[in-house]
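*Asks:* Have a look at this one.
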Amino acid sequence: MRMAEPLRSVLLVEDDASITRFVAMALEEDPVRLTTAPTLRAARALLQRHRYDVLLCDLMLTDGSGLDLLRELGTQAGLRRVAFSASLHGPQRAELARLGVDEVLSKPVAMDDLRRALLQPPAPGSAPPAPATPTPAADPVQAYFGGDHTLHAAYREQCHAQFAADLASGDASAAAGRWAELRRLAHSLKSVLRMLGDARGSERARELEDLSAKDEAAAATAAWQALRPHLQPGGGAPGHHRAP
């Protein structure tokens, strides 16, 4: 760890375990104290008790929108506010610009870009740069992990362990017709699968997200069934080792 640099305190507001692991891995060698909150409620409680240098906030959370939290915080001296989302629409982009957030990151994001966004000081009054649109990566190790195959393999194994819980959650949501829950799961999986090199799985997750948002029961159920094999051992990107 490069302890010659000052320690920075980062609050990550993110409800997806795989994305949380990715952020933790990206910052592992940096002088950062990372605190995580899976909900807006948990984040608000932490912000009342502690001071942070950086807030990295997902926009789609189980108990509301990260925009609400960014709006509540306003511009605070010394706090770098970074929005984190897998899909941004026109109104959201306009609101983020109005709120004056320091940066907007699109999921999936390269580790180097994530570190740069979190480790630089806040720049009051500057408009956030437009996030890059994620594109299929021929080599996800190069695109998102800086060419570090060992780091990518460790992340892949952690994701595969999480997929068992994702399968159970998705099955329960689809069976009960809880389309909002299924949409949030698909929203997260489309980024995770792309980082693992499974472009087809990522596209199927995006399709499921769209159909779940429309409450199209039959189509959403079929889309979930098409996505399930990508979360099971032996599925996923061709040529990549799967966890047993």
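*Asks:* Name the single residue that is surrounded by the most Cβ atoms within 10 Å (Cβ to Cβ) among those in the stretch 182-227 being within 20 Å of the chain's Cα centre (by Cα) and basic (Lys, Arg).
*Replies:* Restricting to residues being within 20 Å of the chain's Cα centre (by Cα) and basic (Lys, Arg), the top hit is 194.
*Asks:* Please pick out the residue among 204, 242 that is under 24 Å from residue 14 (Cβ atoms) and either of a type outside the set (Val, Ile, Thr) or modelled with pLDDT of 95 or more (or both). Don't jump to the end; show me each part of the working.
*Replies:* Working: 242 fails: under 24 Å from residue 14 (Cβ atoms).
Answer to the selection: 204.
*Asks:* Right, next: Can you name the condition, by its number, that residue 155 falls short on among (1) within 16 Å of residue 107 (Cα to Cα); (2) modelled with pLDDT under 95?
*Replies:* Single failed check for residue 155: (2).
*Asks:* Then there's this: Is it the case that some residue within the stretch 84-99 is of a type in the set (Asp, Glu), touching a strand residue (DSSP E or B) at 6+ places or on another chain (Cβ under 9 Å) and touching a residue at least 24 places away in the same chain (Cβ under 8 Å)? Reasoning before the result, please.
*Replies:* Keep residues of the stretch 84-99 that are of a type in the set (Asp, Glu), which gives 95.
Narrowing further to those that are touching a strand residue (DSSP E or B) at 6+ places or on another chain (Cβ under 9 Å): none.
Within the stretch 84-99, none of the residues are of a type in the set (Asp, Glu), touching a strand residue (DSSP E or B) at 6+ places or on another chain (Cβ under 9 Å) and touching a residue at least 24 places away in the same chain (Cβ under 8 Å).
*Asks:* Out of curiosity, is residue 102 under 23 Å from residue 181 (Cβ atoms) and over 15 Å from the mean Cα position of the chain (by Cα)? Can you show your working first?
*Replies:* Details: under 23 Å from residue 181 (Cβ atoms): no; over 15 Å from the mean Cα position of the chain (by Cα): yes.
No; evaluated as a whole, the condition is false for this residue.
*Asks:* Return the residues of the stretch 131-146 that are modelled with pLDDT of 50 or more, part of a loop (DSSP other than H, G, I, E, B) and small (Gly, Ala, Ser); say none if nothing qualifies.
*Replies:* 137, 138, 146
*Asks:* Considering (1) part of a helix (DSSP H, G or I); (2) buried (at least 17 other Cβ atoms within 10 Å of the Cβ); (3) in contact with a Lys or Arg (Cβ under 9 Å, 6 or more places away or on another chain); (4) not aliphatic (A, V, I, L, M), say which one residue 72 fails and leave the rest.
*Replies:* Among (1) part of a helix (DSSP H, G or I); (2) buried (at least 17 other Cβ atoms within 10 Å of the Cβ); (3) in contact with a Lys or Arg (Cβ under 9 Å, 6 or more places away or on another chain); (4) not aliphatic (A, V, I, L, M), the lone unmet condition for residue 72 is (2).
*Asks:* Follow-up. Any residue in the stretch 59-80 that's closer than 18 Å to residue 182 by Cβ: show its pairings with residues that are of a type in the set (Val, Ile, Thr) and part of a loop (DSSP other than H, G, I, E, B) at Cβ separation under 7 Å, as long as the two are six or more apart or on different chains.
*Replies:* The qualifying pairs are 61/39; 62/39; 63/39.
*Asks:* Separate question: Can you tell me which residue is modelled with the lowest pLDDT among those in the stretch 208-239 that are of a type in the set (Asp, Glu) and farther than 26 Å from residue 111 by Cα?
*Replies:* Going residue by residue through the stretch 208-239, those that are of a type in the set (Asp, Glu) are 209-210, 215-216.
Subsequent filtering for residues that are farther than 26 Å from residue 111 by Cα retains 210, 215-216.
Details: 210: 94, 215: 81, 216: 85.
Within the stretch 208-239, the match that is modelled with the lowest pLDDT is 215.
*Asks:* Mind counting the residues in the stretch 159-181 that are within 13 Å of residue 16 (Cα to Cα) and either β-branched (Val, Ile, Thr) or surrounded by 15 or more Cβ atoms within 10 Å (Cβ to Cβ) (or both)?
*Replies:* 6
*Asks:* Is it true that residue 184 is outside any loop (DSSP other than H, G, I, E, B), modelled with pLDDT under 95 and of a type in the set (Lys, Arg)? Spell out the reasoning first.
*Replies:* On the way: outside any loop (DSSP other than H, G, I, E, B): yes; modelled with pLDDT under 95: yes; of a type in the set (Lys, Arg): yes.
Considered against the rule, which asks whether it is outside any loop (DSSP other than H, G, I, E, B), modelled with pLDDT under 95 and of a type in the set (Lys, Arg), residue 184 comes out as yes.
*Asks:* Scan 175, 218, 222, 205 and give me the residue that is in contact with a helix residue (DSSP H, G or I) (Cβ under 8 Å, 6 or more places away or on another chain) and either in a helix (DSSP H, G or I) or free of Cβ contacts under 8 Å to residues at least 24 places away in the same chain (or both).
*Replies:* Numbers: 175 fails: in contact with a helix residue (DSSP H, G or I) (Cβ under 8 Å, 6 or more places away or on another chain); 218 fails: in contact with a helix residue (DSSP H, G or I) (Cβ under 8 Å, 6 or more places away or on another chain); 222 fails: in contact with a helix residue (DSSP H, G or I) (Cβ under 8 Å, 6 or more places away or on another chain).
That would be 205, the only listed residue that is in contact with a helix residue (DSSP H, G or I) (Cβ under 8 Å, 6 or more places away or on another chain) and either in a helix (DSSP H, G or I) or free of Cβ contacts under 8 Å to residues at least 24 places away in the same chain (or both).
*Asks:* Next up: If a residue must be more than 23 Å from residue 88 (Cβ to Cβ), surrounded by 18 or more Cβ atoms within 10 Å (Cβ to Cβ) and either at pLDDT below 95 or of a type in the set (Val, Ile, Thr) (or both), how many such residues does the stretch 31-46 contain?
*Replies:* Total meeting the criteria: 1.
The values are calculated or read from the model by the stated rules, or taken from the named source; none is laboratory data. Because the structure is a prediction, the values reported are computed rather than measured. Don't worry about glycine lacking a Cβ; one is built from the backbone with ideal geometry, like all the others, and counts go over all protein chains shown.
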